[in-house]
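The values are calculated or read from the model by the stated rules, or taken from the named source; none is laboratory data. Predicted model, so just to flag it, every value in this text is computed and none were measured. Quick reminder, even Gly has a Cβ in these numbers, built from the backbone with ideal geometry, and neighbours come from all protein chains shown.
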Amino acid sequence: MLNQSHTYDYQLSATKKELERHLLSVSNLLKEERVSILVSFATKYLQNTQGLANFNAIVSYFIAGNGNNRDHSNNIDAIDLLHLCVKLSLTAEISKDVIELLIIQLADISNGPCPIGRVARLLQVVKSFADYL
């Protein structure tokens, strides 16, 4: 993926289709369950990382229900991708790599914190390990 996240405006429909059933599976979880899973993950792996504030922002936007995580050009939500990243981190053989890449991408969100930027960076993690979903 390119560094300029807006390069992907309206360009991710094929990628979304590939991930659709996985995105749907996490979006169907109860809100409280989703928040609990994410908070547990952050507590275990993201303390003292540069990306923690961006992680917390994504979760806060989700809790507020204001739509600030949605890349409307591609109809993908950052919170769903974040859940897929956490799900991937539970796969023993790739756990360390997923977490390391996620930490890098969460920190990089500071360079483009708009919904499209958040989605593009989290999508890089998911696509890197999509075979394990």
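When Ala64 is tested against (1) hydrophobic (A, V, I, L, M, F, W, C); (2) more than 16 Å from the chain's Cα centre (by Cα); (3) within 18 Å of Tyr132 (Cβ to Cβ), only condition (3) is not met. Considering only residues in region 49-95 that are out of contact with any helix residue (DSSP H, G or I) (no Cβ under 9 Å at 6 or more places or on another chain) and part of a helix (DSSP H, G or I), the one that is nearest to Ala120 (Cα to Cα) turns out to be Ser60. Screening Tyr10 with (1) closer than 19 Å to Lys127 by Cα; (2) at pLDDT 95 or above; (3) not polar (S, T, N, Q) gives one miss only, at (2). Of all residues in region 33-62, those that are closer than 20 Å to Cys114 by Cα and without any contact (Cβ under 8 Å) to a residue 60 or more places away in the chain have Cβ atoms under 9 Å from Cβ atoms of residues that are assigned to a loop (DSSP other than H, G, I, E, B) and of a type in the set (A, V, I, L, M, F, W, C), 6 or more apart or on another chain, in Leu52/Leu46; Phe55/Leu46; Asn56/Leu46.
Residues being surrounded by 11 or more Cβ atoms within 10 Å (Cβ to Cβ) and in a helix (DSSP H, G or I): count how many of those fall in region 34-48. Walk me through how you get there before you give the answer.
Restricting attention to region 34-48, the residues satisfying the condition of being surrounded by 11 or more Cβ atoms within 10 Å (Cβ to Cβ) are 34-42, 45-46.
Narrowing further to those that are in a helix (DSSP H, G or I): 34-42, 45.
Matching residues across region 34-48 total 10.
Within region 65-94, the set of residues being in contact with a Phe, Trp or Tyr (Cβ under 7 Å, 6 or more places away or on another chain), surrounded by fewer than 19 Cβ atoms within 10 Å (Cβ to Cβ) and over 22 Å from Ala14 (Cα atoms) comprises Asn68, Thr91, Ile94.
Screening the candidates Leu29, Leu101, Leu106, Leu24 for the property of being more than 17 Å from Ser128 (Cα to Cα) and either in a helix (DSSP H, G or I) or without any contact (Cβ under 8 Å) to a residue 12 or more places away in the chain (or both) yields one hit, Leu24.
Filtering region 84-106 to residues that are small (Gly, Ala, Ser) and farther than 19 Å from Val39 by Cβ leaves only Ala92. Here is the figure for region 112-129: residues that are out of contact with any Ser or Thr (no Cβ under 9 Å at 6 or more places or on another chain), part of a helix (DSSP H, G or I) and surrounded by fewer than 21 Cβ atoms within 10 Å (Cβ to Cβ) total 2.
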